[in-house]
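A short reminder: the numbers here are calculations on the coordinates, not readings from a lab. Owing to the predicted nature of the structure, the values given are computational and were not obtained by experimental measurement. Counting neighbours? That spans all protein chains shown, and the Cβs are built from the backbone with ideal geometry, glycine included.
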Amino acid sequence: MKITIKAITALLILGTVNNSADAQSWNITGNTGTNGSANFIGTIDNVNFKIRTKNIVRMTVSAAGKVGVGTTTPLFKLDIKGGSINTDSVYRIGGKTILSVKGNQNVFTGDGCGNANTIGSSNTAIGSGALYSNTEGQNNTASGADALFTNTTGSFNTASGRTALFSNTTGDINTASGTGALYFNTEGFGNAALGSGALSENTIGNDNTATGSYSLVNNTEGSSNTANGNYALISNITGSFNTGIGDNANTSVGTLTFATAIGAGAVVNSIDKVRLGDAAVNVVEGPVAYSWPSDARFKENVKEDVKGLEFILKLQPVSYNFNRLKYAQHVRQQLTPDREKKLVRQSQNRSVGFIAQDVEKIIQQTNFTSFDAVHAPTNETDNYSVGYAEFVVPLVKAVQELSSKNELQDKTIENLKSEIIHLKSALKQTATTPAEIEAAEMLVQNLPNPFTDKTVIKFNIPASAKLAEIKIFSANGKELKAENIFSKGEGQIEFFGNMLSPGTYNYTLFIDGKPSESRQMILTR
């Protein structure tokens, strides 16, 4: 830049007005009665240099080399004093504002910062256009070009990043960190966005937390959502109280509420539902079994109306292949080519279970309406599912019903056995021919039964028998022991429990190598 002597003279002539009272002021034409050459800048040590206009000092260069603007006693190498705490001071270089200290403890650094501020207080803005439109908002911090640009009365907001909270006008207590974070928010309050584009479309949604690039990016009015991970809950628009944890953890549609997706790529597709992992997850495990509250203090209208055998016998267990890729596409999961190939491979695995729609029909047929193991779809992207743990209760009921039937049958059998023994005993007493004696053979139930240490087995061997023996068998039919009987007529043998392990056993009377009668005995400890 070319500076002429004429321009310098015009600038420095400011010191010629009423400056004779201060021999340390610089006069371009010299001082009367003094050595004019001694008044040039830097020609004499230990002398303060001052530029005046109308007897007011505008700039001072101290003998120590400190430059003061707006002060006659500079304390630093460059000491610029603005107005008081409640007045405005603006500092520019080349016509651009580098620092604007406005009343009420506001500090603005950057061209256009706090341009419209009137009574707003305790605001800090760094970056061109930051807090440009603020008028009455207070305790705001904007760092980045055009951060909080449109804010007027919103307070206690923090925006870090270019255009962060750009559209905010009256929203309070928002925190946005990242380029474009919470860009369209106008009135929403209590939102926190960390990551480029996070919550950028939000307008009036409140109390949302988004951590990760473009997390909750499409949310406009939804409130109290939590998204943690890049692109987490990217589909949510007006839904509220949703949670997405993991890269691309998402909802299938934008209107769900109280839905939770946990895990990279996990997609939840119904209200009041929790989804763990994406479609390729094979194992969900933990150190303890899953449990839910079961407390008599909170259970009301208790009835013993659980369906048992009637319901269980109608169930149709099947084996099948589950098309994981088709399912992932149905819930609108974001898929890479590698993930698609993996889902195709996993779909080749066979599984066993029930068909939810079949179970639903059986529930209706048996009027078992209190059985809630089947979840039916609530929207176009939802799916049927089955809670297999719920089947424990009707299974227990079915076992109890079977047990009651077995007890009744056992009593009937015992009665029949007693009658048979009585009849055989009577037959024996009246038997006169070999055929009648042959028919009188019998094997009596061991006593006691069940037993622990010892039990007694009674029998009656016909006189015509050449060989008789009692054999002990395991429950699966394996022969364990054989006891020969050499006497005819009535007799008994003792069987000791230490010979076998606890369990259920069968014993059979053989006459001349042919099985005659069998009984069951139970050994306990």
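Model label sites at residue 506 and residue 486, defined 7 Å from Cα along the beta-carbon direction, differ in position by 3.0 nm. Pairs from the table (341/361; 458/488; 417/471) lying more than 23 angstrom apart at Cα are 341/361. In this rough spin-label picture, where each label sits 7 Å from Cα along the Cβ direction, the residue 351-residue 475 distance is 3.2 nm.
Taking 20 Å as the straight-line reach from the Cα of residue 478, the aspartates and glutamates in range (excluding those fewer than 8 positions away in the same chain) are 469, 517.
Could you pull out which residues in the range 190-217 have an amide N less than 19 Å from a spot 7 Å beyond the Cα of residue 262, following the Cα-Cβ vector? Under cut-off, by backbone N: 209-211. Candidate cross-link partners of residue 326 among the aspartates and glutamates, defined by an alpha-carbon separation under 12 Å and a same-chain spacing of 8 or more, comprise 340. Fewest-first ordering of 290, 505, 183, 327 by other beta carbons within 10 Å of each residue's beta carbon gives 290, 327, 505, 183. For residue 305 and residue 58 in the same chain, what is the full-extension length gain: residue separation times 0.36 nm, less their Cα-Cα distance, in nm? This chain segment gains 79.2 nm when fully extended.
In plain terms, the residue of 467, 256, 509 with the fewest other Cβ atoms within 10 Å comes first and the most crowded comes last, giving 467, 509, 256. Modelled spin labels at residue 423 and residue 71, positioned 7 Å past Cα toward Cβ, are 12.4 nm from each other.
Neighbour counts of other Cβ atoms within 10 Å put 490, 407, 517 in the fewest-to-most order 407, 490, 517.
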